Amino acid sequence: MKEVKIGQQLWTAENLNEDTFANGDLIYEITSKEQWYEFIDSKKPGWCYYDFDTENAKYGKIYNIYAVIDERGLAPEGWLIPSNADWDLLVETIGENNASSLKNSSGWWMNENGTNESGFSGLPGGYMDDGEFYYKDFFANWWSMEVATNFKGSLLFDNEPQPLYVYAESHSGDETCNQIHRGTNSEYSIAACGYYVRCMKG
């Protein structure tokens, strides 16, 4: 994997594209909206490409929350999925009004590309929410990893994951487009969402 050092953190410079856990177990591909629901209902880890289309493989894989929190480890050996605090430190290092530094210098809608000064090379791969795909070419989204427990069939978190995202100016229509944002875009449970994954050195 490509790597980049940002401040005191060492990050991957591309989205995760693994279909196995760290122990070698297979993570199953999700190929339809109906199957996405089935995986969520059964709390089964899985991944898909945007629009279930292999032509979008350049963005990496979109993972459900059950892949992210699985004890077998989604991140390759020696790496980890960033926590809320890890993202907080990245934002502090970059500056919350400097999303352009995280955005790739090509590939964004209407050439609203970033400077990519950080080397993070964020691509606008969109995201999944409740079985639907949104905002490819406009949005870049990445999971955060927080401790999860299972209670009476519900997914509960000690701290709610706060994914990091940036977006293109023409989508927002306001001056916040160069800000780094945190939190989920979902109107539903975080368990309904699918985002990309970046890793950092553990």
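Out of S118, S105, which single residue is surrounded by 17 or more Cβ atoms within 10 Å (Cβ to Cβ), modelled with pLDDT of 90 or more and either assigned to a loop (DSSP other than H, G, I, E, B) or touching a Pro at 6+ places or on another chain (Cβ under 7 Å) (or both)?
S118
Has the stretch 56-72 got any residue that is open to solvent by less than 20 Å² (accessible area, probe 1.4 Å), of a type in the set (F, W, Y) and at pLDDT 95 or above?
Yes: one or more hits.
Quick one: would you say E18 is open to solvent by 20 Å² or more (accessible area, probe 1.4 Å) and closer than 17 Å to L74 by Cα?
yes
Kindly establish whether M145 is surrounded by 13 or more Cβ atoms within 10 Å (Cβ to Cβ), among the hydrophobic types (A, V, I, L, M, F, W, C), in contact (Cβ under 8 Å) with a residue 12 or more places away in the chain and in a strand (DSSP E or B).
no
Condition first: under 22 Å from P163 (Cα atoms), part of a strand (DSSP E or B) and in contact with a Pro (Cβ under 8 Å, 6 or more places away or on another chain). Now tell me which residues in the stretch 12-66 satisfy that.
Y63, N64
Condition (residue is under 24 Å from G73 (Cα atoms) and either among the acidic types (D, E) or in contact with a helix residue (DSSP H, G or I) (Cβ under 9 Å, 6 or more places away or on another chain) (or both)) applied to the stretch 95-104: is it met by at least one residue?
Checked against the condition, which is being under 24 Å from G73 (Cα atoms) and either among the acidic types (D, E) or in contact with a helix residue (DSSP H, G or I) (Cβ under 9 Å, 6 or more places away or on another chain) (or both), the stretch 95-104 yields no hits at all.
The values are calculated or read from the model by the stated rules, or taken from the named source; none is laboratory data. Keep in mind it's a predicted model, so treat the numbers as computed, not measured. Every residue, glycine among them, receives a Cβ derived from its backbone with ideal geometry; neighbour counts consider all protein chains shown. Protein only, heavy atoms only, side chains kept; ligands, DNA and RNA dropped before computing areas. Shrake-Rupley method; radii C 1.70, N 1.55, O 1.52, S 1.80 Å.
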